[in-house]
Amino acid sequence: SDLISYSPSVVELIKSLFCIPFSRDSVMTGNTIMRPIVGPAHTLEVEIFFSIIFFICMKISHKNRGLITSIVCALLFIVGEVLSFFSIHTQFEFFEFYVTHNKHAWLYFLLGILLFKIFTAMETKSVHLSSLKNHAILSIILSAILFVSITILHDKMDANIYYIIQAFAGFFLIGFLILLSQYDIKMPRFLVFCGNISFSFYLLHYYIVHMTEKLLHLESASWMCIPAIIIALTLSLLAAWVSYLLFEKKIPKLL
């Protein structure tokens, strides 16, 4: 009861499984939030909705699917920003969840499409590695500056600006990795392992961290946070690895 402050209903389970947003009590605070039963999976709901949008745009024009999807993402982001600026809310949970609450996700998708365009351009065209060096250095410097700035100024920064800067920080970081991928660099096996279990880690780590905080009675920053982080990280990696082996690898084969 200390870990989960509400009792999920059958309807909430069905909605969670089919990525339909609904309001419920928060596990952490007890306040009303819009999250599925597995809270961190709310971003997965947005990804599913993006896939539906992309499917529709692809049916409209396969050739221009990227451009049409980009326009839709840009419009959803702008509409969300305008509604938030004027504090306009509706009674439609579906609209509130996808447009108002997760407006920054559409900026992430928009930048993601641009990164994909950059990657495909790199893969299909002959690019001299010497021309990439300066761009790679600039990308990682810009990413570091943005991440450091939002870390230092987090408490003084408007939440909306914070997430926008975070989006561009991630954009430059992934851009750097794309440029780096053009060089003959062997990926470390541990990073490949982390990539394989990343989805399970994403879903499970939140609850393991929360459980560790409860068991160690951590309510504020102290020296106990260091072993707590080590314990939570280790347990999260193990749980994610087991989940990856049992579910992600087995279930697709059964289906």
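The values are calculated or read from the model by the stated rules, or taken from the named source; none is laboratory data. Note that the structure is predicted; figures quoted are calculated from it, not measured. When we count neighbours, we look across all protein chains shown, and the Cβ atoms used for this are built from the backbone with ideal geometry, even at glycine. We work out accessible area using only protein heavy atoms, side chains counted, and drop any ligands, DNA or RNA first. Shrake-Rupley method; radii C 1.70, N 1.55, O 1.52, S 1.80 Å.
The chymotrypsin sites (Phe, Trp or Tyr not before Pro) of region 146-234 that meet both conditions, a loop assignment by DSSP and at most 16 other Cβ atoms within 10 Å of the site Cβ, are 183, 223.
Grab the eigenvalues of the alpha-carbon gyration tensor for region 171-229, scale each by 5, take roots, and send me the semi-axes largest first in whole angstrom. Each step should come with its number before you reach the end.
Working: eigenvalues 224, 39, 25 Å².
Calculated on Cα positions only, the semi-axes equal 33, 14, 11 Å.
Using DSSP to call loops (not H, G, I, E or B), can you name the chymotrypsin sites (Phe, Trp or Tyr not before Pro) in region 54-123 whose Cβ has at most 15 other Cβ atoms within 10 angstrom? Don't skip to the answer; put the middle values down first.
Working: sites: 54, 55, 77, 85, 86, 92, 94, 95, 97, 98, 106, 108, 109, 116, 119; in loops: 86, 92.
Those satisfying the criteria are 86, 92.
Projecting the Cα atoms of 121, 247, 193 onto the dipole axis of the chain, where Lys and Arg carry +1 and Asp and Glu carry -1 at the beta carbon, places 121 farthest toward the positive end. When only Cα pairs below 8 angstrom with a gap of at least 6 residues are kept, region 67-219 shows a relative contact order of 21 percent. Give me the percent of Cα-Cα pairs in region 110-238 that sit more than 24 Å apart, rounded to a whole number. Roughly 52 percent, rounded to a whole number. Taking 23 Å as the limit for the C-alpha separation, the pairs 214/250; 103/249; 63/117; 59/250; 186/250 exceed it in the case of 214/250; 103/249; 59/250; 186/250.
When the chain is modelled as a GNM with alpha-carbon springs shorter than 10 Å, which of 75, 107, 191 fluctuates the most? In the Gaussian network model the winner is 191. By accessible area, using a 1.4 Å probe on protein heavy atoms only, the chain has 71% of its surface on carbon and sulfur. Evaluated at q = 0.11, 0.13, 0.20 Å⁻¹, the base-10 log of the normalised Debye intensity for region 38-149, with identical point scatterers placed on the Cα atoms, takes the values -0.50, -0.68, -1.14.
When the alpha carbon gyration tensor of the chain is reduced to an equivalent ellipsoid, its three semi-axes come out at 31, 26, 22 angstrom, largest first. A straight line joining the Cα centroids of region 183-207 and region 4-82 runs 24 Å.
At 27 Å minimum axial length over the Cα atoms and a Kyte-Doolittle cut of 0.5, report the qualifying DSSP H helices in the chain, or say none. Walk me through the numbers before you get to the answer.
Working: long enough: 42-60 (28 Å, 1.61); 65-85 (30 Å, 1.91); 103-124 (33 Å, 1.06); 129-152 (34 Å, 1.72); 159-180 (31 Å, 2.00); 189-215 (33 Å, 0.73).
Helices meeting the criterion: 42-60, 65-85, 103-124, 129-152, 159-180, 189-215.
Taking one quarter of the surface of the C-alpha convex hull of region 199-255 gives a mean projected area of 4.0 nm².
Please give the per residue accessible area of the chain, computed with a probe of 1.4 Å over protein heavy atoms only, in Å².
Numbers: 16950 Å² over 255 residues.
Heavy-atom accessible area per residue stands at 66 Å².
Take every pair of alpha-carbon atoms less than 8 Å apart whose residues are at least six positions apart; their mean separation over the length of region 136-255 yields a relative contact order of 24 percent.
Computed from label points 7 Å out along Cα-Cβ, the spacing between residue 79 and residue 241 is 4.5 nm. Note on region 60-106: semi-axes of the ellipsoid equivalent to its C-alpha gyration tensor, largest first and rounded to whole Å, are 24, 11, 7. Taken over region 78-141, the ratio of Cα radius of gyration to 2.2 N^0.38 Å equals 1.71.
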